[in-house]
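To start, the structure itself, in structure tokens.
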Amino acid sequence: MKSCGCLTNNRGELCSRVSEIWDEVCEVCEAGSWEELKDEVSDVMFGFGRLFGYMCGRVYVGMWFDERHVKKIEGRMEEYGCVRSKRHLVAGMCPCMGSEK
């Protein structure tokens, strides 16, 4: 999976991995439709893949039912060069690389 500098495996990121998963679990509870629920569960599974990747010294480890999130990231990378959603961009650019859309 191609990614920008926003996906890292830096020392000391364990708490942020757990926090990201918790945030996604909260979003699962707020899902208003079946499709939204599947999207949010995929986000949670991607978070677990990031956590397990961190524990294995990798950026990410593929997980069951994470395909939706991976496809979403691939689309973002193709569209504007960042794995993050547009609301996290800084002046339309990846906050980690400063690359233009």
Scope the stretch 1-22; condition in a helix (DSSP H, G or I) and either among the β-branched types (Val, Ile, Thr) or farther than 22 Å from TYR80 by Cβ (or both); matching residues: LEU14, CYS15, SER16, ARG17, VAL18, SER19, ILE21, TRP22
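Within the stretch 41-75, which residues are charged (D, E, K, R) and either closer than 19 Å to GLY5 by Cβ or touching a Leu at 6+ places or on another chain (Cβ under 8 Å) (or both)?
Within the stretch 41-75, ARG50, ARG58, LYS72, GLU74 meet the criteria.
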VAL61 of a type outside the set (Asp, Glu), more than 19 Å from LEU14 (Cβ to Cβ) and at pLDDT 90 or above: no
Every residue from the stretch 23-74 that is within 20 Å of LYS86 (Cβ to Cβ) and touching a residue at least 40 places away in the same chain (Cβ under 8 Å): VAL70, ILE73, GLU74
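Please tell me if ARG76 is assigned to a loop (DSSP other than H, G, I, E, B) and of a type in the set (Lys, Arg). Let's see the steps before the verdict.
Working: assigned to a loop (DSSP other than H, G, I, E, B): no; of a type in the set (Lys, Arg): yes.
No.
Filter the stretch 62-78 down to the residues that are over 13 Å from ASP43 (Cα atoms) and loosely packed, with under 15 Cβ neighbours inside 10 Å and list them by number.
Here is the first cut: in the stretch 62-78, the residues over 13 Å from ASP43 (Cα atoms) are 74-78.
Hits for the stretch 62-78 are GLU74, GLY75, GLU78.
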Tally, over the stretch 1-15, of residues that are exposed (fewer than 13 other Cβ atoms within 10 Å of the Cβ) and farther than 22 Å from ARG76 by Cα: 5
Among the residues listed as GLY81, GLY92, the single one being loosely packed, with under 13 Cβ neighbours inside 10 Å and either hydroxyl-bearing (Ser, Thr, Tyr) or in contact with an Asp or Glu (Cβ under 8 Å, 6 or more places away or on another chain) (or both): GLY92
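The values are calculated or read from the model by the stated rules, or taken from the named source; none is laboratory data. If you're wondering where the values come from, they're calculated on a predicted model, not measured in any experiment. Note that we place each Cβ from the backbone using ideal geometry, even for glycine, and neighbour counts take in every protein chain shown.
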